[in-house]
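Written below as structure tokens is the structure these notes are about.
The values are calculated or read from the model by the stated rules, or taken from the named source; none is laboratory data. Just so it is clear, the model here is predicted, and its values are computed rather than measured. Note that we place each Cβ from the backbone using ideal geometry, even for glycine, and neighbour counts take in every protein chain shown. Only protein heavy atoms, including side chains, enter the accessible area calculation; ligands, DNA and RNA are left aside. Shrake-Rupley method; radii C 1.70, N 1.55, O 1.52, S 1.80 Å.
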Amino acid sequence: MQDAPLTASAQTDALVSQPVAGPLTRAAIFLVVTINPGADNRAAVRSLCAGLAALIRSVEFRDLEAGLTCVMGIGSEAWDRLFGQPRPAELHPFREIRAGSRHAVSSPGDLLFHIRAKRMDLCFELATRIMTSLGDAVSPVDEVHGFRYFDDRDLLGFVDGTENPRGQAVIEAAIIGEEDPGFAGGSYVIVQKYLHDMDGWNALSTETQERIVGRTKLSDIELDDSIKPTSAHSALTTITENGRELQILRDNMPFGNAAAGEFGTYFIGYCRTPRTTERMIENMFVGRPPGNYDRLLDFSRAVTGTLFFVPSATFLDSVDDEAAATTPATASAGEPARATTAVSDGSLGIGSLKGEARYE
């Protein structure tokens, strides 16, 4: 028996993206799980897809000013098991990279929940409800509780996310458009969990740290190209194509466990194509040219790496959660393209970031 295809109820001229472009918050939880084998487990995940918006609203209502949002991502293998064809054009497993002692690992992960709010208790409540809803259908892989550190700095002491796009540029960088019309309004997200050697880093002079990062530590000003090494982090993660800089949307968060001596950064980058983020990671680990790698990696080690597709909220709402899940769902390849993309402004309603600054 086969799952019923996704319903056509959401096939309208406008669709709503998940809150990929939500504002920066003081707290976040990054929750990654795998889906356990079995038709009932697939059905439970599909049920959560359809009910996620209502679940978020039930927690959000406790403090509407806290800005609670959740973005759900789906891994390549999980997509095939849950939905089958058609599939997002550029969805694939995270590509492992080995270069010398540097290793961008590829780690398991079928579902990502990126939960953000001004209050950690709201994030925790939503994460708890999601896991309760999924029950035995999934197995946890990783859960990281992130926090804002002083004036948006990472634990290495530098401001993180300075070069994020703003306003309309957010949509252009992060939201899929006409290049994949069947999945317009979606996005791709890559996550990596980095652990830092703080003793080694803090032993460096401030000037050495600044040359590694490519920015001044106190004032967060980019170093002039005449003194900035080509191996600087900011140089290697700048991607240009035909004279135009390609951007991604980062919402990195520090995390740590002081008693265990664990200090890290959770990297999360949204983009309308994973190729841009992948080129940044390759430049960091392999180097541009090869060997001219990011010296941050002498002090930071990647311990996870996963790529997910973030479908539109409209897509999630349209998932038929009542059908049996013995085989993946299918959808007609001839579905009409959606002409307009409405991007969520951080709430669960229709909104647009056009003309609005994401960072203040």
Determine the dipole magnitude for the chain: charges of +1 sit on the beta-carbon of Lys and Arg, -1 on that of Asp and Glu, nothing else is charged, the reference point is the Cα centre, and the result goes in debye to the nearest 20. 300
Figure the gain on full extension for GLU77 and ALA39 (residue separation times 0.36 nm, minus the Cα-Cα span) and round it to one decimal in nm. 12.2 nm
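Report the net charge of residues surrounding LYS118, where surrounding means a beta-carbon distance below 9 angstrom and charges are Lys +1, Arg +1, Asp -1, Glu -1.
Numbers: positive: ARG26, ARG116, ARG119; negative: ASP63, GLU65.
Result for the neighbourhood of LYS118: +1.
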When the dipole is taken about the Cα centre of segment 200-308, and only Lys, Arg (+1) and Asp, Glu (-1) are charged at their Cβ, what size is it in debye, to the nearest 20? 200
Positive-end residue, segment 123-230 charge dipole about Cα centroid, Cβ charges, pick of PRO181, HIS145, ILE212: HIS145
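Compute the relative contact order of the chain as a whole-number percentage, counting only Cα pairs closer than 8 Å that sit 6 or more residues apart in sequence. Mind showing how you got there, number by number?
Values: 818 pairs, mean separation 130.7, N = 360.
Computed over the chain, the figure is 36 percent.
Taking a 1.4 Å probe, which of SER101, SER205 shows the most accessible area, and what order do the others take after it?
Working: SER101 115, SER205 55 Å².
Heavy-atom accessible area, descending, gives SER101, SER205.
What shape does segment 171-287 have by the C-alpha gyration tensor, where a ≥ b ≥ c are the square roots of the eigenvalues, rounded means a/c under 1.5, and otherwise prolate means a/b greater than b/c and oblate the rest? Mind dumping the intermediate values first?
Details: a/c = 2.63, a/b = 1.46, b/c = 1.81.
Judged from the Cα gyration tensor, segment 171-287 comes out oblate (a/c at least 1.5, b/c at or above a/b).
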If Lys and Arg each add +1 and Asp and Glu each add -1, what is the summed charge of the other residues whose beta carbon sits under 12 Å from the beta carbon of ILE35? -2
Hey, how many Å between the Cα centroid of segment 300-319 and the Cα centroid of segment 113-185? 10
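To the nearest 20 debye, what charge dipole does segment 108-196 have about its Cα centre, counting +1 at the Cβ of each Lys and Arg and -1 at the Cβ of each Asp and Glu? Let's see the in-between values first.
Values: 8 positive and 15 negative charges, 80 e Å.
In debye, rounded to 20, segment 108-196 gives about 380.
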Ranked from highest to lowest mean number of other Cβ atoms within 10 Å per residue, what is the order of the peptides 191-197, 220-226? 191-197, 220-226
If a paramagnetic tag sat 7 Å from the Cα of ARG153 along the Cα-Cβ line, which residues of segment 295-319 would have the backbone N under 19 Å from that point? 296, 299-300
Between beta-carbons, use under 13 Å as the cut-off and find the net charge around ARG102, counting Lys and Arg +1, Asp and Glu -1. -1
What is the spin-label model distance, in nm, from LYS217 to GLU241 if the labels are put 7 Å beyond Cα along the C-beta direction? 3.6
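Would you work out what percent of the accessible area of the chain, with all protein chains in place, is carbon or sulfur (probe 1.4 Å)?
Ligands and nucleic acids excluded, carbon and sulfur give 51 percent.
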Selected from CYS70, CYS49, CYS271 as most flexible by GNM, with the chain as the system and alpha-carbon contacts under 10 Å: CYS49
Rank these residues by their accessible area, most exposed first, probe 1.4 Å: MET280, MET120. MET120, MET280
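Give the ranking of PHE150, PHE309, PHE124, PHE267 by solvent-accessible surface, highest area first, calculated with a 1.4 Å probe. Spell out each step's value before the answer.
Values: PHE150 150, PHE309 0, PHE124 105, PHE267 25 Å².
Largest accessible area first, the residues go PHE150, PHE124, PHE267, PHE309.
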What distance in nm separates the simple spin-label points at ASP199 and SER58, each placed 7 Å from Cα in the Cβ direction? 4.8
I'd like to know which of GLY291, THR276, PRO254 lies farthest towards the positive end of the charge dipole of the chain, counting +1 on Cβ of Lys and Arg and -1 on Cβ of Asp and Glu. GLY291
Hey, what number do you get for the chain at 222 nm if only DSSP H runs of n ≥ 4 count, each worth -39500 (n - 2.57), divided across all residues, to the nearest 500? -7000 deg cm²/dmol
